[in-house]
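To start, the structure itself, in structure tokens.
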Amino acid sequence: MTEPQTDKTGAVVHIALDETRAISAYTVTLEDGTLAGRADFIDPPEGEDERVFFHTEVSPEFGGRGLGGLVMRQALADSVRRNITVVPVCPLFAKYPKEHGEEYTAQGGRFRKPRPADLQLVQKTTEEQA
């Protein structure tokens, strides 16, 4: 999946899904292939239809271009297409249901609040990858 988008400066960026590592991510790259940001997630082993989003980051030199919002919206849209419940641990993702939850659920999206087991999974997986 590579979805061309336009950032706030009018530049074309690409959002792609990278599931090649234990910590998967939706990545945002510039037209020249430079990685500008990412939204990291883990698919819990026992929850085939859930995705725990725990970290979103945009490199400082690309800040202010709306890239975090672009990658988050694409990740949420892909979650709807895949019928995946979003578990928002990351503050950016956690804010979305508060502000746009009704709109997202009307489109078929699903959220659930993080549980202690989700936080433990994130901690364990990130420690293993460090």
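Report whether or not R51 is under 21 Å from Q129 (Cβ atoms) and either of a type outside the set (A, V, I, L, M, F, W, C) or out of contact with any strand residue (DSSP E or B) (no Cβ under 8 Å at 6 or more places or on another chain) (or both). Here the answer is yes, as R51 does meet what is asked. Among the conditions (1) touching a residue at least 24 places away in the same chain (Cβ under 8 Å); (2) within 11 Å of the chain's Cα centre (by Cα), the only one that R73 does not satisfy is (1). Selection of the stretch 23-34 for residues being outside any strand (DSSP E or B) and surrounded by 11 or more Cβ atoms within 10 Å (Cβ to Cβ) yields I23, T34. Count of the stretch 71-92 residues, restricted to those that are basic (K, R) and part of a loop (DSSP other than H, G, I, E, B), is 1.
Each residue in the stretch 16-41 was checked for being farther than 19 Å from P91 by Cβ and either among the charged types (D, E, K, R) or touching a residue at least 60 places away in the same chain (Cβ under 8 Å) (or both), and 7 of them qualify.
Counting the residues of the stretch 75-92 that are crowded, with 20+ Cβ neighbours inside 10 Å and under 23 Å from D7 (Cα atoms) gives 4. Just to be sure, is F53 closer than 25 Å to G109 by Cβ, aromatic (F, W, Y) and modelled with pLDDT of 95 or more? So F53 fits the description; yes. Checked against (1) surrounded by fewer than 22 Cβ atoms within 10 Å (Cβ to Cβ); (2) of a type in the set (A, V, I, L, M, F, W, C); (3) under 10 Å from the mean Cα position of the chain (by Cα), A16 passes all but a single condition, namely (3).
When only residues in the stretch 35-70 that are part of a strand (DSSP E or B) and acidic (D, E) count, which is surrounded by the fewest Cβ atoms within 10 Å (Cβ to Cβ)?
Here the answer is E57.
If we keep just the residues of the stretch 93-124 that are of a type in the set (K, R) and outside any loop (DSSP other than H, G, I, E, B), which is surrounded by the fewest Cβ atoms within 10 Å (Cβ to Cβ)? Result: K98.
The values are calculated or read from the model by the stated rules, or taken from the named source; none is laboratory data. Source: prediction; values computed, not measured. Please note: Cβ atoms are built from the backbone with ideal geometry, for glycine as well, and neighbour counts cover all protein chains shown.
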